[in-house]
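> Structure incoming, see below.
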Amino acid sequence: MSRPAPSPPQRTSVMDAIAQSDTLSGMLSLHQTSTAYLLALKGLLPPDLHAQVKAGPIDDTGWCLLVTHNAAAAKLRQWLPDIGAHLRSKGHPVQTIRIKVMSR
């Protein structure tokens, strides 16, 4: 007796898999929020400084901005009060902003 050939496994798109996982969908939501925060800063920061900044993680302690080098981090620290006020004026509940230099 021969057995029927097994059916191929169902394929799931990456986005469907993320949507089905509470952990992954939560991570995606945080990433999208972080990206929205950074996009809100586009008109505030000088273009040369904005180009050095990437959206970082959001956690219980606040939002993190990632920068490419120490000089950009130093300049961005001068902008922190303006950044926080600007984000809050746009309805983003950011209270604490950290700056981290990305390692090469």
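All of the numbers you see were taken from the coordinates with simple rules; none came from a lab. In this text the structure is predicted, and so the values were computed from the model without any measurement. So basically every Cβ, Gly included, is an ideal-geometry build from the backbone, and we count neighbours across all protein chains shown.
> Starting from the Cα of Arg11, step 7 Å along the direction of its Cβ; do the same at Ala85; then give the gap between the two resulting points in nm.
If labels sit at Arg11 and Ala85, their model points lie 5.3 nm apart.
> Counting alpha carbon pairs within less than 8 Å and at least 6 residues apart, what relative contact order, in whole percent, applies to the stretch 15-101?
About 27 percent, as a whole number.
> Tell me whether the stretch 1-69 comes out rounded, prolate or oblate; compute the Cα gyration tensor, take square roots of the eigenvalues as a ≥ b ≥ c, and use a/c under 1.5 as the rounded threshold.
prolate
> Once you have the Cα-Cα distance between Leu24 and Gln78, take 0.36 nm times their residue separation minus that, and quote the gain in nm to one decimal.
So the chain would gain 16.0 nm between Leu24 and Gln78.
> Run the quick spin-label model on Leu39 and Met102: label points 7 Å from Cα toward the beta carbon, then report their separation in nm to one decimal.
Spacing of the two 7 Å Cα→Cβ label points: 1.9 nm.
> Rounded, prolate or oblate: which fits the stretch 26-104 when a ≥ b ≥ c are the square roots of the eigenvalues of the alpha-carbon gyration tensor, with rounded for a/c under 1.5 and prolate only if a/b beats b/c?
oblate
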